[in-house]
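This report concerns only the one structure given below.
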Amino acid sequence: MKLVLKVLEMKNFKGIKEKKILFERTETKLYGANATGKTTVADAFMWLLFDKDSQDRKDFEIKPLAENNEPIHFLNTEVSAEFEFDGKTFSLSKVYKEKWVKKRGQAEQEFSGHETTYYIDGVPCKKSEYQKYVDEIIKEKTFKLLTNPLTFEAMKWQDKRKILFEVCGTINDVSVPGYDKLQQRLNGKDVDEFKKSLAATKKKLKKDIEDIPPRIDELRRGIDESLDKEVALLKIAKKEQAIQDFEQQLEASEKAFEVVRDKQKLILSLERTKEEIIREHNKQLYGEQGKLKDQYAQLKSTLNSKQIEQDRLVKIIEIKKQDNVLLEGQVNEHREEWQRIAEETFDEHKAICPTCGQDLPADKVQELFVKYEREKAVRQERVVNLANSKKASIASNNNEIARCAELFEGIAQEVVIINKSLADLEEKLAEPIEQTVCDTSEIDAQIDELKQAVASFNQLDTSKIKEEIKIAQKDIALYNLTITKADNQEKTLERIKELGEQLKELQVSLADVEQQEILVEDFTKAKVDMLEENINSKFTTVKFKLFEEQINGGLVECCESLINGVPFSNANNAAKVAAGIDIINVLSNHYGFYAPIWLDNRESVTSIPDTYSQVINLIVSEKDKELRVE
């Protein structure tokens, strides 16, 4: 299928005011000096199809600009084209309009944005319908590959590689020399999976191998050759025997001290017995006088309580009397208030209407008078109630005063009796007591004998012995630490041996993986040569380098375009264009679609490869101040 641009018409598009161009089916040349609109034509074509310019920019200015570089308003930008596709003709049109609105109360319109109208074969349609129509002809991404010679080369190398394999196909691994030998190791995986698996295994093996020597070195640095477990055990045995001897000395000293403690306890017991004997003697001697003293103290306490109670009753009486004085004053005030209310009379002016000033009807006046008398009675009753309440409080206070006075008199009589009893006891306590001596000589002799035995005891100083035991225990702890270190060191040496054996096993495994990698690389190189030969056979001018050999002999995927052995990026413009058309021819043949090829700066290219696609040349010509079409 071939898409041919027959007619392209532009109105107010960028710098073109109005232009209609007729294109040839095979090749059309557009001549013009710089800034005459050659690139604008290509931009209009791409904008019509995909809303972008020829540089693939979506955000670009399509409206004509004034001298101040500001858009010229009230102009519609229009682009229309007539195409021939698969033997049929169709047309596409787009109109880009300004939107102006006049708000209420304003004289002038205001610019509010733009809108685009779409047409297919002259019939208006929605944007979605328009885009769907274009997509059904050719997808945007594919179209750009087939219309611009430099689009393919501008892609990422991974995307270019993917397209090449899609177009030219891949090589079946079975057909590659060496696959039979490699297949024995694949274990159901394809070559790429096996290669990735080898790389991951190799990476892990190398890391494990690199990790082991530092670990061994670190373990060796921790070894102390001076550690001697047997010597430490002998020293511990000596220290433990010394501790045992010290503890025996402490035990003997403790037993002797226990005997002394028993004698001290016996001394305390005898002294308590002596005190009890003396106490019993004094009790018999002073027993009667003690009872009298107890009675005296009890009466004194009772007298003090009675006096405190009298003071409390006096305070209550004083407070109640003061309260009555205040209450009687309030009763007098209520009496005067009641008298003032009683002397009040009904005012005659209340019989006059406050609004109009006229006399009120007699019945109305009588009604007001009755209301007045009722309110007056209520007020007097309230005052009487208040006064009665105060009188009741006065009566209650008087009752409390009488009760307290009566209690006071009763306590006063009790105080007289208590004072008389105290005087009698004081006379009895003043009488002399006959003294007798308490005999404790026997128990005193026992106490003196025990005290002499305790004083003669020479206690052993155990603090030095205990200090020696602590020193020996610390030494034992240090020797045990040495033994622990020696035990750990034995484990460390065993671990060093294990790591050494593990290192050898890893190195053997790494060598095996590298042998398998060599096998894969040999297979890959053979496959690469076949792939590149297969892909490059499709092209005439350009060749592709799909793999790059590393210093270590490994292969890295790439996709570099070469023109006669020269990288595409280093080639001149003519060579790039020729290579681009070569690529377009192959892609167009693969997709079964031929689109117009736009060649900018065509004047720098003397000749181009043959192509079935329509070619539109944009040629710089200083003599052509306006666009000229051939």
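The values are calculated or read from the model by the stated rules, or taken from the named source; none is laboratory data. Quick caveat: nothing in here was measured; it's all calculated off a predicted structure. In this analysis, Cβ positions are derived from the backbone assuming ideal geometry, glycine residues included, and neighbour counts consider all displayed protein chains. Keep in mind that these areas ignore ligands, DNA and RNA; they rest on the heavy atoms of the full protein, side chains included. Shrake-Rupley method; radii C 1.70, N 1.55, O 1.52, S 1.80 Å.
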Take the Cβ-Cβ distance between Lys466 and Leu499 as r, set R0 to 51 Å, and report the resulting FRET efficiency rounded to the nearest 0.05. 0.55
State the answer as a single residue: which of Trp100, Val416, Gln248 lies farthest towards the positive end of the charge dipole of the chain, with beta carbon charges of +1 for Lys and Arg and -1 for Asp and Glu, about the Cα centre. Trp100
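Using a/c under 1.5 as the rounded threshold, could you call the range 325-375 rounded, prolate or oblate? The axes a ≥ b ≥ c are square roots of the C-alpha gyration tensor eigenvalues, and prolate needs a/b larger than b/c, oblate otherwise.
prolate
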Paramagnetic reach from Glu115 (point 7 Å along Cα→Cβ, amide N under 19 Å) across the range 69-99: 73-79, 93-99
Divide by every residue of the chain the summed helix terms, -39500 (n - 2.57) for each DSSP H run of at least 4, and state the resulting mean residue ellipticity at 222 nm, rounded to the nearest 500 deg cm²/dmol. -22000 deg cm²/dmol
Using a cut-off of 24 Å between alpha-carbon atoms, which lysines can reach Lys255, once sequence neighbours fewer than 8 places away in the same chain are excluded? Lys263, Lys265, Lys451, Lys464, Lys466, Lys470
Those GluC sites (Glu not before Pro) from the range 94-163 that are DSSP loop and have at most 10 other Cβ neighbours within 10 Å turn out to be Glu108
List every residue whose amide H lies under 5 Å from the amide H of Lys63, counting only residues 5 or more places away in sequence or on a different chain, with H placed 1.01 Å from N in the peptide plane. Lys14
In square angstrom, what is the accessible area per residue of the range 567-617 with a 1.4 angstrom probe? 38 Å²
Just one of [x] 189; [y] 162; [z] 592 is volume of the Cα convex hull per residue in Å³ as worked out from the coordinates here. Which one is it? [z]
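Please report the carbon-and-sulfur percent of the accessible area for the chain; probe 1.4 Å, protein heavy atoms only, DNA, RNA and ligands left out.
Taking all protein chains in place, the chain shows 50 percent carbon and sulfur surface.
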Computed ³J(HN,Hα) along the range 615-623: with the Karplus parameters 6.51/-1.76/1.60, θ = phi - 60°, integer Hz and x for glycine or proline, the list is 10, 10, 9, 10, 10, 6, 9, 4, 6
What is the distance, in nm, between label points placed 7 Å from the Cα along the Cα-to-Cβ direction at Leu478 and at Cys356? 12.7 nm
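When a/c is below 1.5 the answer is rounded, else prolate if a/b is larger than b/c, else oblate, so apply that to the range 207-287 with a ≥ b ≥ c taken from the square roots of the Cα gyration tensor eigenvalues.
oblate
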I'd like the FRET efficiency for Ser91 and Gln184, computed as 1/(1 + (r/R0)^6) with the beta carbon distance as r and R0 of 56 Å, rounded to 0.05. 0.30
According to a simple spin-label model (label point 7 Å from Cα along Cα-to-Cβ), what is the distance in nm between Ile443 and Asn282? 1.3 nm
Charge dipole of the chain built from unit charges on the beta carbon (Lys, Arg +1; Asp, Glu -1), centred at mean Cα; most positive-end Cα among Ala511, Ile317, Gly169 is Gly169
In debye, nearest 20: dipole of the range 148-265 around its Cα centre with unit charges on the Cβ of K, R (+) and D, E (-)? 560 debye
Note: Thr26 to Glu622 extended length (0.36 nm per residue) minus current alpha-carbon separation gives 212.0 nm
State, to one decimal in nm, how far the label point of Leu75 lies from the label point of Cys125, with both points 7 Å from Cα in the Cβ direction. 2.9 nm
Calculate, in nm to one decimal, what Glu240 and Arg220 gain on full extension: separation in residues at 0.36 nm each, minus their alpha carbon distance. 3.8 nm
Normalising by the residue count of the chain, find the relative contact order in percent from Cα pairs under 8 Å and 6+ residues apart. 27 percent
Taking a spot 7 Å from the Cα of Glu328 along the direction of its beta carbon, which residues of the range 378-411 have an amide N less than 12 Å from it? 394-395, 398
Surface per residue (accessible, 1.4 Å probe) for the range 351-444, Å²: 72 Å²
Quick one: dipole size for the chain, taken about the Cα centre, charges +1 on Lys/Arg Cβ and -1 on Asp/Glu Cβ, in debye to the nearest 20. 3040 debye
Please list the non-local residues whose amide H lies under 5 Å from the amide H of Lys6, H modeled 1.01 Å from N, same-chain partners needing a gap of 5 or more. Glu82, Phe83, Glu84
For the range 219-224, in residue order, the Karplus 3J(HN,Hα) values (coefficients 6.51, -1.76, 1.60; θ = phi - 60°; whole Hz; Gly and Pro = x) are 5, 5, 5, x, 7, 10
Charge dipole (the chain, unit charges on Cβ, about Cα centre) - positive-most of Ala44, Ile267, Val365: Ala44
When the chain is fully extended, how far beyond the present Cα-Cα distance does Leu422 get from Leu250, taking 0.36 nm per residue of separation? 55.2 nm
Can you work out the Karplus-derived ³J(HN,Hα) for every residue in the range 63-79? Use 6.51 cos²θ - 1.76 cosθ + 1.60 with θ = phi - 60°, whole Hz, and x for glycine or proline. 7, x, 10, 7, 5, 7, 6, 9, x, 8, 7, 6, 10, 8, 9, 10, 9
In this model, which of Lys156/Lys543; Lys94/Lys139; Lys11/Lys576; Lys144/Lys576; Lys504/Lys525; Lys160/Lys527 are farther than 28 Å apart at the alpha-carbon? Lys11/Lys576; Lys504/Lys525
